[in-house]
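Working notes, beginning with the structure itself.
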Amino acid sequence: MTGGPLGKGENMNAVEFEHVKKQFPRMGYMALDDVNVQINEGEFVTILGSSGCGKTTFIKMINRLYKPDFGHIRLFGKDIQNSNPVLLRRKIGYVIQQVGLFPHMTVAENIATIPRILKWDKTKIENGIEEMLQLVSLDPKEFRDRYPAQLSGGQQQRVGLARALVANPPIMLLDEPFGAIDAINRENLQNEIKRIHAQSRKTYIFVTHDIREALKLGTKVIIMNKGHIIQYASPKEIINNPCDNFVIDLLKTLNIQNNYVIDGAGI
Amino acid sequence: MLGVIAYFQTDAANYINLVLEHVTISILVLLISMVIAIPLGIICSRSEILQNISEHLFSFLRIIPSLAVLIICIPFIGTGWKPAVIALTLLAIPPILLNTIQAFRTLPEPILEAATAMGMGTTYKLFNVKLPLAFPLIYTGIRTATVEVIASATLAAYIGAGGLGSLIFTGLGLMRVDLLYIGGISVAILSLGTGFLMNVFYKYKTRYLQIK
């Protein structure tokens, strides 16, 4: 991965926000209010916050689905404002809650979307499909020729992950990817995304409103409220030193829920 | 019945010719209509105002009888196949246009966002995501238009455009019931048969919608 919009410089952060502000028309408050943050390469950052706190805005700015009103966003040291958005997005994996699989394409064709755009040769595409399906624990023989309508919600999101991962993007953006999936499947998918991240050592940014999920998956957690980053620290640090009342209140909801999950996550 | 058999014994070549004329004029009309209506529908779907204008205009055009359009055309372009093509195109555009607008206004937002976020350019996204997703509705419009055009092309014979309508008008003029039967039933079979074949194709192309 050299050259192009995500060509890496030395000692650069994978993602850097500098004084980023964003306000949507007809909204009384800032979606992002002077956000500054640096995310190291290889980190699995979860962004935790309630609805409307700016967390989705945050990640949609990274692949330029939204444009900041003010400030700079740099990926591996390069200001994305100077890059072609279409080319930039091909190097950033994107997974959303609604999955967004193309219903008229089979599982294999869905996964082949970016490889086709990138004009990979046929063998490379076939190998990629096979490899990705195995990575997300779907039997290629059974699943590659199915249509999305023939998959359960959990299976669809596995394909969504496979589709985003196939070109091995240096940055993965995940916007509440498991939000609509039942508890048991969510647990499995969480474990798998954690494993996949650990294997790849790419930079993952994962939005959630589930504090258990945020603490379980993140090597670092960003806690957001009303367009501000309240705390950015490791899960352990957040539990031991919550920086203000908002974080303390969040952690209280966790104690009411369950303690063993936190133990299980090895925090 | 004897008249029908006799007709096919003596005039089979003429009959095939009429069928071909009918089919040619219908295909020509449908191609022109699609080339106009689909891009126009895509453009209109982007603007509320254009959408309203085109919907009202073409809903209005739809209620003008084709025969009236045919006859209005004569002073400007004379008789023959040209005014027939114009009149039938005006008939075929509304269902295709209205369905195209509807299809493009109801494309699922998350899927389009996913397409954008995967690095598809505008044109690539149009041909690989938007048009395939809009296909079922657009195609339904085309099918409606096709059946209407094949049936209405009969009238085109009235102003000398040929086709199976010639048989019917000849039959009317000569009081030949056998010709009326041949003409009428042929048009019905052609129209229903085409509709059926188009259904088969639709089921094949949209099998992803039917499986569960």
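Using the Cα gyration tensor of the protein assembly as shown, with a ≥ b ≥ c the square roots of its eigenvalues, what is the shape: rounded (a/c below 1.5), prolate (a/b larger than b/c) or oblate (neither)? Prolate, because a/c is 1.5 or more and a/b exceeds b/c.
Relative to the dominant Cα principal axis of chain B, helix B:48-63 is inclined by about 10°.
Each Cα pair under 8 Å and six or more residues apart adds its separation to the average, and for chain A the resulting relative contact order is 25 percent.
When the charge dipole of chain A is built from unit charges on Cβ atoms (+1 for Lys and Arg, -1 for Asp and Glu) and taken about the Cα centre, the candidate among A:L135, A:A164, A:V37 whose Cα reaches farthest toward its positive end is A:A164. Every helix of 4 or more DSSP H residues in chain B counts as -39500 (n - 2.57), and over all residues that averages to -28500 deg cm²/dmol at 222 nm.
Give A:K91/B:K125; A:K194/A:K220; A:K141/B:K130 a once-over and call out the pairs whose C-alpha atoms are over 22 Å from each other. Beyond 22 Å between Cα atoms: A:K141/B:K130. Taking A:K252 as the anchor, which lysines have their alpha carbon closer than 18 Å to its alpha carbon, excluding any fewer than eight residues away along the same chain? Once the sequence-local lysines are set aside, what remains near A:K252 is A:K216, A:K236.
Once every DSSP H run of n ≥ 4 in chain A is given -39500 (n - 2.57) and the sum is divided by its residues, what mean residue ellipticity at 222 nm do you get, rounded to the nearest 500 deg cm²/dmol?
On the way: 12 runs with 103 residues, N = 267.
When only DSSP H runs of four or more count, the value is -10500 deg cm²/dmol.
Summary value for segment B:2-210: 26 percent relative contact order, contacts being C-alpha pairs under 8 angstrom separated by 6+ residues.
Can you classify chain A as rounded, prolate or oblate using the Cα gyration tensor, where a ≥ b ≥ c are the square roots of its eigenvalues, rounded means a/c under 1.5, and otherwise it's prolate if a/b beats b/c and oblate if not? Display every interim value, and only then the final one.
Values: a/c = 1.77, a/b = 1.23, b/c = 1.43.
Verdict is oblate for chain A.
Computed about the Cα centre, the dipole magnitude for segment A:60-125 is approximately 180 debye when only Lys and Arg (+1) and Asp and Glu (-1) carry charge, each at its Cβ.
In a simple Cβ point-charge model (Lys, Arg +1; Asp, Glu -1; nothing else charged), segment B:2-210 has a dipole of about 360 debye relative to its Cα centre. Dipole of segment A:191-257 (Lys/Arg Cβ +1, Asp/Glu Cβ -1, origin at the Cα centre): which of A:Q231, A:L215, A:I196 lies farthest to the positive side? Looking along the dipole axis, the top candidate is A:I196. Counting every other Cβ atom within 10 Å of each residue's Cβ, A:H197, A:H209, B:H22, B:H56 order from fewest to most as B:H56, A:H209, A:H197, B:H22. Basic side chains Lys and Arg get +1 at the Cβ, acidic Asp and Glu get -1 at the Cβ, and with that the dipole of chain A about its Cα centre reaches some 640 debye. Relative to the longest principal axis of the Cα atoms of chain B, helix B:165-174 runs at roughly 30 degrees. Shielding by partners for peptide A:149-160, expressed as the average number of C-beta atoms from other protein chains within 10 Å of each residue's C-beta, is 1.
Mind checking which aspartates and glutamates have their C-alpha under 17 Å from A:K119, skipping anything on the same chain fewer than 8 residues away? Within reach: A:E109. Placing unit charges on each Cβ (+1 for Lys and Arg, -1 for Asp and Glu) gives chain B a dipole about its Cα centre, and among B:Y139, B:A114, B:V23 the Cα reaching farthest toward its positive end belongs to B:A114.
Since every read-out is calculated from the coordinates, none of them should be taken as a lab result. As the structure is a computational prediction, the values presented were derived from the model and not from experiment. Using ideal geometry, Cβ is built from the backbone for each residue, glycine included, and neighbour counts are taken over all protein chains shown.
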